[in-house]
Amino acid sequence: MPGCSRPSPPSAGPAPSASAVGSCAACQAKPVDPWIQDILAIMCPQDKAFLQDLKARGVTITAYDAIHFDDPYYDCKNWTTKPFEAAGTTSCEPPPPHIDMIRSASAEENAATVYHEGVHTNPSQDGMRWRDKEYDAYVKEDRWRISHGLPPHEPSFRASNGQTDQAAIKAFVDKEYPGVISKPTHGAAPEQVVGKDPSGLTIVQRADRTTYKRKPKKGDSFSGSQTTVPPGGLDIDVNKLQCP
Ligand SMILES: [Zn+2]
């Protein structure tokens with residue numbers, strides 16, 4: 001799905017009102033406006049144009065306390081589920097692009113998530129393979145982190161010279177993102193696991209985007225259903241997520 005880091009989430013039904021979310025005594029997150037101010041303190045003034053571009057393209061953002069994916073995973077005997085905790089996820093269909101992100105306790109991490117997911121909404125990622133979108137977003141995110149004096153997302157992402165280690169980022173994406181690299185049965189171009197059929201056969205997408213089925217292999221995995229906490233989340237006003 002073009003420009004997106006994850007498949008579009010299933011419709012979650014009507015969102016609860018902001019007051020309903022705000023009344024949750026157990027919620028650790030701050031009220032939304034201070035939360036936005038903390039992000040802007042990290043991003044401004046450097047990211048003024050980036051945030052203006054999100055607004056101009058009509059990007060919408062919903063915040064949650066947690067986002068999980070239940071990714072189907074073949075453990076060598078059976079299809080089971082491997083949980084994936086996400087900081088953010090982007091969907092682009094139907095337009096405009098939409099970002100789901102968590103409100104972590106760290107303003108730096110929240111700002112990095114806005115940046116990373118914002119990269120996924122950019123038309124420059126249209127048509128890219130999922131792994132290529134993630135390589136691109138993590139490389140740009142790490143350069144953004146360097147320019148903001150922030151530590152890397154993963155220690156391995158920063159080479160000993162202080163610059164972004166692109167090979168380490170590729171290795172991380174290939175390992176952590178379900179099914180993005182599947183060894184082809186023939187030819188050199190990597191393939192991607194994209195699903196399974198009702199009988200349990202793995203559905204694999206070739207480099208030319210045609211698909212075929214084969215017996216499942218240990219480690220086969222693909223993106224599964226998304227669950228958010230709370231279910232409806234809290235809509236973030238991108239008009240407020242702007243540098244002065
Ligand atoms: Zn991403």
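The values are calculated or read from the model by the stated rules, or taken from the named source; none is laboratory data. Quantities reported herein were computed from a predicted structural model and do not represent experimental measurements. Ideal geometry is used to build each Cβ from the backbone, glycine not excepted, and the neighbour counts take in all protein chains shown. These area figures cover heavy atoms from the full protein model, side chains too; ligands, DNA and RNA do not enter into them. Shrake-Rupley method; radii C 1.70, N 1.55, O 1.52, S 1.80 Å.
Quick notes on this one:
- Contact order for segment 65-147, expressed relative to its length and based on alpha carbon pairs under 8 Å spaced 6+ residues apart, stands at 21 percent.
- Carbon plus sulfur fraction of accessible area for the chain, probe 1.4 Å, in percent: 56
- Plainly put, segment 128-223 has a radius of gyration that is 1.09 times its Kirkwood radius, both from alpha-carbon atoms, as the Rg/Rh ratio.
- Full extension of the segment from THR227 to ALA41, taken as 0.36 nm per residue of separation minus the current Cα-Cα distance, would add 64.0 nm.
- GNM top mover of ALA105, ALA137, ALA63 - the chain, alpha-carbon springs below 10 Å: ALA105
- Only Lys, Arg, Asp and Glu carry charge here, each on its Cβ (+1 for the first two, -1 for the last two); on that basis the chain has a dipole of about 800 debye about its Cα centre.
- A Förster radius of 45 Å, combined with the Cβ-Cβ distance separating ASP75 from LYS48, puts the computed FRET efficiency at roughly 0.40.
- Residues in segment 71-114 that a label on ASN239 would reach, taking backbone N under 20 Å of a point 7 Å out along Cα→Cβ: 96-99
- Normalised per residue, the accessible area of the chain is 49 Å², obtained with a 1.4 Å probe and no contribution from ligands, DNA or RNA.
- Spatial separation of Cα centroids for segment 149-223 and segment 37-107, in angstrom: 19
- Only DSSP H runs of four or more residues enter the estimate; each adds -39500 (n - 2.57), and after division by the residues of the chain the mean residue ellipticity at 222 nm equals -9000 deg cm²/dmol.
- Computed label-point distance, nm, for sites ASP126 and ARG57 using a 7 Å Cα→Cβ extension: 1.0
- Segment 197-244: proportion of alpha-carbon pairs further apart than 19 angstrom, %: 57
- Based on Cα atoms of the chain, Rg over Rh with Rh as the Kirkwood radius reads 0.98.
- Cross-link partners of LYS77 among lysines (Cα-Cα below 28 Å; sequence separation of 8 or more within a chain): LYS175, LYS183, LYS196, LYS213, LYS215, LYS217, LYS218
- Coordinate range along principal axes, alpha carbons of segment 38-158, Å, largest first: 53, 35, 27
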